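Heads up: the structure comes next, in structure tokens.
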Amino acid sequence: MAIAALGYACIRTGNIDKWEQFATGVMGMQARRADDGAVLLRYDVRDWRVRIEEGAEEDVTVLGWECQTEAEFVETLAQLGDKASIQPEQAKALSVVRTFGATRGVN
């Protein structure tokens, strides 16, 4: 598999304020609220890397992986088979963009 890095994570929690306090106070991340109330956390040049959503159960709901090239992306999907789930509409809603050298929109 050709996964280069973790691109982003979405987490559901009943303690969104505690997550925000931990991320900003301990981890040194920057936080802002999305229009839907989720906390968006950043620690580098990306708009956000971690999205914390309010919910009844504690769960990691989405992990976004980075590949260096589109060929590696396709290879990784083939190796993951039915374990991989690509949801372009969800990615667009989360403002996630596929990039391989140059920025372009999610298909």
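The values are calculated or read from the model by the stated rules, or taken from the named source; none is laboratory data. Owing to the predicted nature of the structure, the values given are computational and were not obtained by experimental measurement. Heads up, the Cβs are rebuilt from the backbone with ideal geometry, glycines too, and the neighbour counts pull from every protein chain shown.
For the range 24-79, the tally of residues that are more than 18 Å from Gly14 (Cα to Cα), of a type in the set (A, V, I, L, M, F, W, C) and part of a loop (DSSP other than H, G, I, E, B) stands at 5. Taking the numbered list (1) touching a Cys at 6+ places or on another chain (Cβ under 7 Å); (2) of a type in the set (Val, Ile, Thr); (3) modelled with pLDDT of 90 or more in turn, Thr24 passes all entries but (1).
Evaluating Asp44 against the criteria (1) of a type outside the set (Gly, Ala, Ser); (2) within 15 Å of Ala5 (Cα to Cα); (3) surrounded by 11 or more Cβ atoms within 10 Å (Cβ to Cβ) leaves one unmet condition, (3).
So in the range 1-23, with the set limited to residues that are over 13 Å from the mean Cα position of the chain (by Cα), in a strand (DSSP E or B) and not hydroxyl-bearing (Ser, Thr, Tyr), which one is surrounded by the fewest Cβ atoms within 10 Å (Cβ to Cβ)? Going through the qualifying residues, I end up with Ala4.
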